[in-house]
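Reading through the C-alpha cells given below for one structure.
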Amino acid sequence: MDNHSHNDHSAFKINTLVWGSLYALTIISVWVTHFDLTTFAVAVALGVASVKAVLVAAYFMHLKFESKILSIMVIVTLLVFTTFIILTLIDYSNR
Amino acid sequence: MDNSINIAAEEKNQPLQHDEHRDDEASKMGMWLFLFTELLLFGGLFLVYTIYRFMNAEAFEHAGMELNTNLGTVNTIVLITSSYTAALSIVAVRHKQYIKAKYLLWVTIFFAMFFMVVKYFEWSAKISHGLFPGMEEFLNLPPGEGLFFFLYFFMTGLHALHIIIGSVFIGFVIYYIDKGTIKHDDYVVLENAGLYWHIVDVIWIFLFPLFYLIA
C-alpha cells in the first residue's frame, strides 16, 4: 500500500494509457479479421487477447505494484491451467 | 492515586485502540485465490470449446457467422471502459475524493447495465430465430452448430451472471464509501470489488475473439 502513494500523480496517466492501449488492441483485433489469415487467425486473436489480459492484470489489478508473491501465485495457477490444456490436447490428438 | 489509575487505564486503552486487526495483503490474497477458482471455472469451459471446435471446425465457423461482431466489439469497449473507471475510483478514494470515486463507480455500473442491454438484444435476436437450446430451430441444426450455440448461451450467460454479481458488489462499495466505512486509508473492499470486476473483464476479453472474431 505504501508504494502506491509516491506514484499517485502518474496513476491517472498510467490507467488512461492502459485504457487507450486496450481500446486500440480491440480495434486491431477486429480489423485483422478482414484479411484472410487462415491458420494464423486464431493465433492472432488469442495473442492480442493475451496481451490485453496481461495489461489488465498488471495495471488495473495492480499486480505490478503488489508484493511479488501475488504475481508468483498467478503464474503458478496459469502454469497448472496450461498443463491441463496441453495434457488434454495430447490425449485428444492421440485417440 | 486517581492520576495513576488514569494513566494505567490509558496505557491499557491505548494499545487496544491501535490494535485494529487488519491485513489488507492477506485480504487481497484471499480474493485472488477466489479469482483462481473463477479462472478454472471458465478455463474448463474454454477447454471444452477448444476440443469441440477441433472436432467441428466447419460447423463452428458457419455458426459463428450468425453472431453480430459489431455488438460484440461495442460490448468489449464498454467493459474495458468500465474497468478503467473502476481502477480510477481507487485513485480517487486514495486522494479522499469520495464524491468523484462514487461518481466513477456509478459510471462503472452504468456501463455494466449498458453491456446487459446489448446482451439482451443479442440474445433476443438469437432466441427469435429459435436458436436457444431446446428450441425447434436449434434441434434441427447440424450437431456441430448446435454445440456452438449451446456453448455460446452457456458461456456468455455465465459471464452475464458475473456482470450482475459484480454490479451488486460495486453497489455495496458505493454504500460503504457513503457510510465512511471505506476511506482513504482503508479501502481494501473497494480494491477487492475492483479485482472481481477486472477478472470479469478479462474473461470477456477471451470470450470475444473465441465467439465473435474466429468465424
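No value in this document is a laboratory result; all are computed from the given coordinates. Note that the structure is predicted; figures quoted are calculated from it, not measured. Note that each Cβ is placed from the backbone with ideal geometry, even for glycine, and that neighbours are counted across all protein chains shown.
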What residues have an amide H closer than 5 Å to that of A:MET61, excluding those fewer than 5 places away on the same chain, when H is modeled at 1.01 Å from N in the peptide plane?
none
Computed label-point distance, nm, for sites B:ARG22 and B:LEU161 using a 7 Å Cα→Cβ extension
3.4
Of the convex hull enclosing the alpha-carbon atoms of region B:24-213, the direction-averaged projected area in nm² is 10.8
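Please report the relative contact order for chain B, taking Cα pairs under 8 Å with a sequence separation of at least 6, and give it as a percent rounded to a whole number.
32
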Helix-only mean residue ellipticity at 222 nm, chain B, DSSP H runs n ≥ 4 weighted -39,500 (n - 2.57), per residue, nearest 500. What is it?
-28500 deg cm²/dmol
For region A:6-95, calculate the relative contact order in percent as a whole number, restricting contacts to Cα pairs under 8 Å that are 6 or more residues apart.
26
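Taking the Cβ of each residue in B:LYS179, B:LYS126 as the centre, tally the other Cβ atoms inside 10 Å and list the residues starting with the fewest.
Values: B:LYS179 9, B:LYS126 19.
Ranked by crowding around the Cβ, least crowded first: B:LYS179, B:LYS126.
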Consider just the alpha-carbon atoms of chain A and return their Rg together with their Dmax, both in angstrom.
17.6, 57
How big is the convex hull of the Cα atoms of the protein assembly as shown, per residue, in Å³?
159
Only counting other Cβ atoms within 10 Å, I'd like B:ILE205, B:ILE177, B:ILE99, B:ILE127 sorted with the fewest neighbours first.
B:ILE99, B:ILE127, B:ILE177, B:ILE205
Which percent of Cα-Cα pairs in region B:136-196 sits in each 5 Å bin, short to long?
4, 16, 17, 12, 10, 8, 8, 7, 7, 5, 4, 1
Amide H contacts of B:GLN97 (H built 1.01 Å from N, under 5 Å, at least 5 apart or other chain):
none
Order of B:TYR120, B:TYR84, B:TYR98 - criterion: other Cβ atoms within 10 Å of each residue's Cβ, fewest first
B:TYR120, B:TYR98, B:TYR84
